[in-house]
Amino acid sequence: MRIAVAADSLDGVAERVVEELRGRGHEVILHGALDPTARDDWAWASEAAARDVGEGRADQAVVCCWTGTGASIAANKVPGVRAALCADAYTADGARRWNDANVLALSLRLTSEVVLGEILEAWFAGEPSTDDADRANVAHLDAI
Ligand SMILES: O=C(CO)[C@H](O)[C@H](O)COP(=O)(O)O
């Protein structure tokens, strides 16, 4: 997949995210602090990655900031984006399964390398639910 990655700093697992994604065979599009020419403030960096998804240049995105909250809030402002802040694999699995999330938001403060691997494993293994109620919930997001 083509995956846009944004971070507002190179703290914590920011660069590890890129390594993990490339190691899994994904094409990575860099934003924020990961691109020396880009603006690295969290709202701008996350917006850029989310727009890649919303406008079809990327299939999914991973957006990071110290807490993960600003990155997720910014991404969720972009039409077509469903960003989920995940601190563990269970949440990442649920985000893909129940929310059909297409943007993974991470806290650079909280996410260890081990937990990052677990989160990505669950994220890429997870398939969106085909249950009618789940699809109705996801469809309603566009209507809100
Ligand atoms: O978690 C964040 C936003 O949700 C930021 O990473 C945090 O506010 C630090 O930003 P800055 O380094 O620009 O002060």
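With all protein chains in place and a 1.4 Å probe, the accessible surface of the range 2-143 carries 50 percent carbon and sulfur. Using C-alpha pairs under 8 Å with a sequence gap of at least 6, the mean separation divided by the residue count of the chain gives a relative contact order of 22 percent.
Here the Debye sum runs over all C-alpha atoms of the chain as equal scatterers in vacuum, and log10 of I(q)/I(0) at q = 0.17 Å⁻¹ comes out as -0.83. The range 30-115 has equivalent-ellipsoid semi-axes of 19, 16, 10 Å, by the square roots of 5 times the alpha carbon gyration tensor eigenvalues, sorted largest first. With unit charges on the beta carbons (Lys and Arg positive, Asp and Glu negative) and the dipole taken about the Cα centre of the chain, which residue among Asn99, Ile119, Gly23 sits farthest to the positive side? Value: Asn99. Once the Cα atoms are used to define both axes, helix 42-54 deviates from the longest principal axis of the chain by about 50 degrees.
Farthest toward the positive end of the dipole of the range 25-144, out of Leu110, Gly70, Gly56, is the Cα of Gly70, where the dipole comes from beta carbon charges about the Cα centre. Between Asp134 and Glu121, the contour length at 0.36 nm per residue exceeds the alpha carbon distance by 2.5 nm.
On a full-extension model of 0.36 nm per residue, what is the gain between Lys77 and Leu10, subtracting their alpha-carbon distance, rounded to one decimal in nm? Before the final figure, lay out each step's value.
On the way: separation 67, 0.36 × 67 = 24.12 nm, distance 2.37 nm.
Length gained, Lys77 through Leu10: 21.7 nm.
Taking the Cα centre of the chain as origin and assigning +1 to Lys and Arg Cβ atoms and -1 to Asp and Glu Cβ atoms, the resulting dipole is close to 220 debye. Of Pro79, Pro128, Pro36, the residue with the greatest mean-square motion in the GNM of the chain, using alpha carbon springs below 10 Å, is Pro36.
The values are calculated or read from the model by the stated rules, or taken from the named source; none is laboratory data. Owing to the predicted nature of the structure, the values given are computational and were not obtained by experimental measurement. Counting neighbours? That spans all protein chains shown, and the Cβs are built from the backbone with ideal geometry, glycine included. The accessibility values were calculated without ligands, DNA or RNA, using every heavy atom of the protein model including side chains. Shrake-Rupley method; radii C 1.70, N 1.55, O 1.52, S 1.80 Å.
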